[in-house]
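Everything below concerns the one structure shown next.
The values are calculated or read from the model by the stated rules, or taken from the named source; none is laboratory data. In this text the structure is predicted, and so the values were computed from the model without any measurement. Cβ sites come from the backbone with ideal geometry, for glycine too, and all protein chains shown count toward neighbours. Note: accessible area is taken over every heavy atom of the protein model, side chains too, but ligands, DNA and RNA are not part of it. Shrake-Rupley method; radii C 1.70, N 1.55, O 1.52, S 1.80 Å.
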Amino acid sequence: MAPTASAPSFPSTVDVRAEQLVLPGRTRPTALVRLDATEPGGLVIWGSRALADLRDVLAGLDTGAVEAIVVTGNERSFGAGANLKEIRSAQLRGASEEYVGLGHEAFGLLADAPVPTFSLVTGQALGGGLELALHTDHRIGHRGTGPLGLPECRLGFFPGWGGVHLLPHLIGPAAALEQIVFAPMRGRTLRAPEALELGLLDAVLDAAPGTEQWESGWQQWVAARLEALDAGAPRRPAGTPGEADAQEWEQAVEAARARAERTWHGAAPAPLVAIDLVAAARTQSRTENGDRAVRAFAELVVGDVAKASLYAFELVSARSRRAADVPPVPPAPLRRAAVIGAGLMAGQLASLIAGGAGIPVVMTDLDDERLAAGVARTRERFAAQAAKGRLSPERAEQLSALVTGARGPEDLADADFVIEAVFEDLEVKRAVLAQWEGVLRPDAVLATNTSSLSVTAMAEGLRHPERVVGFHVFNPVEVTPLLEVVAGERTGDTALATAFDLAARLRRTAVRVQDAPGFVVNRVLTRMFDVVVRAVDAGTDPAVADRAPDPMGLPMTPLRLLDFVGPAVLHHVNATMHEAYPERFARSPWMDAVVEAGLQHVLPTREEPATGADGYLAAPAAELLERTRDPRRAAPATAEELLVRVQDALAEEIGAMLAEGVVAGPEDVDLCMVLGANYPFHLGGITPYLDRTGAAERVLGRRFAAG
């Protein structure tokens, strides 16, 4: 494909230098190739200029005068991947072949070197950084090495610089496919011990880069390996077949294809292309596979899914560094926090604030026994993290000491930030806020973790409604990075700025949302659920209705999501939405009956397998559906019809949210869906998908994206 525009110039971000040293006990020199960021303290990121520099340095080495080549990164990274700005430029111009081919050319000089090659994986090694390391014979890390991974499939393409060929030959096809395809789509990477166990690293040293112990440690390891080679040990060539035979390789590939189809239903093409390249890698040489990869990359990267994926990644990356729409006022000091409530969510909030902000958190509840149990559970969270190695025992003990139970109202009087986490009922929450306003300082921020109720209504009647702000943290609290900062009609700038400041200290990505029922994530999810459940009530087979959105490649079907959050919770949110927008959100007779019966799930579980003719629903849920359906109003839909209804409903709801000013723009909705609902990057969040399927134009008469 010919470029549609001249290629812009991207300056090199990598300083590549070569020197020589003689390792302990050796007589001949070793070439040491140092990689550093051109920006002090920066990451090693591979653009075309940097790749050309690496190629020139490696080609200039006199391999007849050295006994080995060692490549080392800086203390932060061995390589943090490709320059995504350059990939985006190549994507828009339809001209990625030269860039991708240059990576194969530069890295291939290591794989084809006539002397043994080594990588010192000093920090993170992601994408092209890890692929560079795979081109050497050996990889040495340290205890802090990581993350390591190949995240490209999540970005809409695949490891384009040889990883699809080299990794399966190194660690086996099944393990390689997990790391190339499935782990990155879940956002998973490896740390040094895991990489060592997989065989991705050959050694993990105790000392860290920048220390004398590290320098002596890696030099002694490499020298020992060279001595073994002198004694006749085989050199492990990069990119030659490992122990997996043809049958094992084919079984791994077919299992991966089947898993990819079950997971994404064709919505994400990059994993399938990567699987095909791994399949071909069994018989193709590294260069043959590389040529095929360059062509496949050029075709895939210009597609709508890759564009949406890269858009989502860049959006998440930018907003995780700096939130948008933060009021230009100083936040209030945060020295002490309080949580009203001692239930499950209250405990998660207390541990999140204590662990993230490192400030004392006092919990309170109406019942002393319930309060004591809540404080104990919260402290146990830190002990559990220490048991998993995520915290040191000493740090866990320090954080546990920060969480206490209130002996009386006066223990909350000096709190700077107070958040309620009581039952999701407007009158209950209003009463709680009114009760505590008289105890707290007039300048204390008063937050609510409501998932759908009106922040404005909660603040009515308070003396200082300007200090009430929504602080919606998502379940599971420990792993969901989104935080909706909700501005009520009278919420002040200081309260908003303080909420954003705390969110940043908790390492959460905050999105400013104007007060509206369901805010963003729950409103979008509930609208999809509404479409599906309406169809079930109208006689559509539950399996057909639940699987209708499968072509979107979502993390859960609507009914699986219902069971995950609990029928009562989702039904409550739907009731809130129905009250606000009765023309778009319906009450479901089936859901009314499910909640009234106290069912905890509608799909079968291991403990309660399905019975009955269809076998899709749990028996109690199926019986309630038969009882509540009106056969006189039956209008079953096909999966194809329902998918279009889902697309159009989402376009309509997001259009309404933007018209109401709930968020500043479509990118805020996309960010919320990626980080709050785990929507995949291949949807671009959601609005790029609605644009490319035509739903936005069908419903709104325009696309969400500008231009």
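The table below lists the values:
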{"read-out": "Sole residue being in contact with a strand residue (DSSP E or B) (Cβ under 6 Å, 6 or more places away or on another chain) and in contact (Cβ under 8 Å) with a residue 24 or more places away in the chain, chosen from Leu198, Leu177, Leu148", "value": "Leu148"}
{"read-out": "Meets criteria (open to solvent by 20 Å² or more (accessible area, probe 1.4 Å) and either among the hydrophobic types (A, V, I, L, M, F, W, C) or under 15 Å from Gln348 (Cα atoms) (or both)) for Thr456", "value": "no"}
{"read-out": "Filter result (open to solvent by 40 Å² or more (accessible area, probe 1.4 Å) and either in contact (Cβ under 8 Å) with a residue 60 or more places away in the chain or part of a helix (DSSP H, G or I) (or both)) within region 629-643", "value": "Arg629, Pro631, Arg632, Arg633, Ala634, Ala635, Pro636, Thr638, Glu640, Glu641"}
{"read-out": "Filter result (among the charged types (D, E, K, R) and under 16 Å from Val294 (Cβ atoms)) within region 99-116", "value": "Glu105"}
{"read-out": "First in region 558-573 and under 16 Å from Leu426 (Cβ atoms), second anywhere and open to solvent by 20 Å² or more (accessible area, probe 1.4 Å) and of a type in the set (Asp, Glu), Cβ under 7 Å, 6 or more apart", "value": "His572/Glu424"}
{"read-out": "Elements of type strands (runs of 3 or more DSSP E) in region 60-125, at least 2 residues being of a type in the set (Ser, Thr, Tyr), farther than 28 Å from Glu299 by Cα and open to solvent by less than 20 Å² (accessible area, probe 1.4 Å)", "value": "117-120"}
{"read-out": "Count of region 510-529 residues which are over 9 Å from Gly676 (Cβ atoms), under 23 Å from the mean Cα position of the chain (by Cα), assigned to a helix (DSSP H, G or I) and not hydrophobic (A, V, I, L, M, F, W, C)", "value": "2"}
{"read-out": "Residue list for region 644-674, restricted to those being touching a helix residue (DSSP H, G or I) at 6+ places or on another chain (Cβ under 7 Å), in contact (Cβ under 8 Å) with a residue 60 or more places away in the chain and open to solvent by 20 Å² or more (accessible area, probe 1.4 Å)", "value": "Arg645, Glu652, Glu667"}
{"read-out": "Of all residues making up region 672-707, the number that are in a helix (DSSP H, G or I) and closer than 23 Å to Phe158 by Cα", "value": "8"}
{"read-out": "Of the criteria (1) open to solvent by less than 60 Å² (accessible area, probe 1.4 Å); (2) modelled with pLDDT under 95; (3) among the aliphatic types (A, V, I, L, M), which one Ala706 fails", "value": "(1)"}
{"read-out": "Identity of the residue in region 406-419, at pLDDT below 95 and in contact with a helix residue (DSSP H, G or I) (Cβ under 9 Å, 6 or more places away or on another chain), that ends up least open to solvent (accessible area, probe 1.4 Å)", "value": "Leu412"}
{"read-out": "Residue match in region 335-347 (condition: surrounded by 22 or more Cβ atoms within 10 Å (Cβ to Cβ) and assigned to a helix (DSSP H, G or I))", "value": "yes"}
{"read-out": "Which listed residue, of Val362, Val316, is β-branched (Val, Ile, Thr), open to solvent by less than 60 Å² (accessible area, probe 1.4 Å), closer than 21 Å to Arg508 by Cβ and touching a strand residue (DSSP E or B) at 6+ places or on another chain (Cβ under 8 Å)", "value": "Val316"}
{"read-out": "Candidate set: region 465-518, residues that are aromatic (Phe, Trp, Tyr) and touching a helix residue (DSSP H, G or I) at 6+ places or on another chain (Cβ under 8 Å); chosen: the one modelled with the lowest pLDDT", "value": "Phe474"}
{"read-out": "Lone unmet requirement of (1) in contact (Cβ under 8 Å) with a residue 60 or more places away in the chain; (2) under 21 Å from Glu19 (Cα atoms) for Lys85", "value": "(2)"}
{"read-out": "Residues of region 38-59 satisfying the condition of being outside any loop (DSSP other than H, G, I, E, B) and buried (at least 20 other Cβ atoms within 10 Å of the Cβ)", "value": "Trp46, Ser48, Ala50, Leu51, Leu54, Leu58"}
{"read-out": "Among (1) outside any strand (DSSP E or B); (2) crowded, with 16+ Cβ neighbours inside 10 Å; (3) basic (Lys, Arg), the one test that Arg28 misses", "value": "(2)"}
{"read-out": "Candidates Thr263, Thr283 - the one that is among the hydroxyl-bearing types (Ser, Thr, Tyr), under 27 Å from Leu201 (Cα atoms) and open to solvent by 30 Å² or more (accessible area, probe 1.4 Å)", "value": "Thr283"}
{"read-out": "Test for Pro159: is it surrounded by fewer than 24 Cβ atoms within 10 Å (Cβ to Cβ) and in a loop (DSSP other than H, G, I, E, B)", "value": "no"}
{"read-out": "Subset of region 533-551 (residues that are part of a helix (DSSP H, G or I) and either within 20 Å of Gly518 (Cβ to Cβ) or charged (D, E, K, R) (or both))", "value": "Val533, Arg534, Asp537, Asp546, Arg547, Asp550"}
{"read-out": "Neighbours by Cβ (under 8 Å, 6+ apart or cross-chain): first from region 487-498, under 8 Å from Pro465 (Cβ atoms); second open to solvent by 70 Å² or more (accessible area, probe 1.4 Å)", "value": "Arg490/Glu466; Thr491/Glu466"}
{"read-out": "Candidate set: region 189-224, residues that are closer than 30 Å to His265 by Cβ and either in a helix (DSSP H, G or I) or modelled with pLDDT under 95 (or both); chosen: the one least open to solvent (accessible area, probe 1.4 Å)", "value": "Leu198"}
{"read-out": "Residues of region 439-489 that turn out to be closer than 19 Å to Ala332 by Cβ and in a loop (DSSP other than H, G, I, E, B), as a count", "value": "11"}
{"read-out": "Some residue of region 420-435 being closer than 26 Å to Asp501 by Cβ and in contact with a Phe, Trp or Tyr (Cβ under 7 Å, 6 or more places away or on another chain)", "value": "no"}
{"read-out": "Unmet requirement for Asp537, which otherwise passes all of (1) more than 25 Å from Gly676 (Cβ to Cβ); (2) open to solvent by 60 Å² or more (accessible area, probe 1.4 Å)", "value": "(2)"}
{"read-out": "Helices (runs of 4 or more DSSP H) contained entirely in region 245-328, each with at least 1 residues that are polar (S, T, N, Q) and within 27 Å of Thr557 (Cβ to Cβ)", "value": "246-264, 304-321"}
{"read-out": "Meets criteria (modelled with pLDDT of 95 or more, charged (D, E, K, R) and either at positive phi or open to solvent by 30 Å² or more (accessible area, probe 1.4 Å) (or both)) for Arg257", "value": "yes"}
{"read-out": "Residues of region 581-596 satisfying the condition of being open to solvent by 60 Å² or more (accessible area, probe 1.4 Å), out of contact with any helix residue (DSSP H, G or I) (no Cβ under 6 Å at 6 or more places or on another chain) and not in a helix (DSSP H, G or I)", "value": "Pro582, Glu583"}
{"read-out": "Single match in His578, His571 (criterion: part of a helix (DSSP H, G or I), within 30 Å of Thr687 (Cβ to Cβ), open to solvent by less than 40 Å² (accessible area, probe 1.4 Å) and not hydrophobic (A, V, I, L, M, F, W, C))", "value": "His571"}
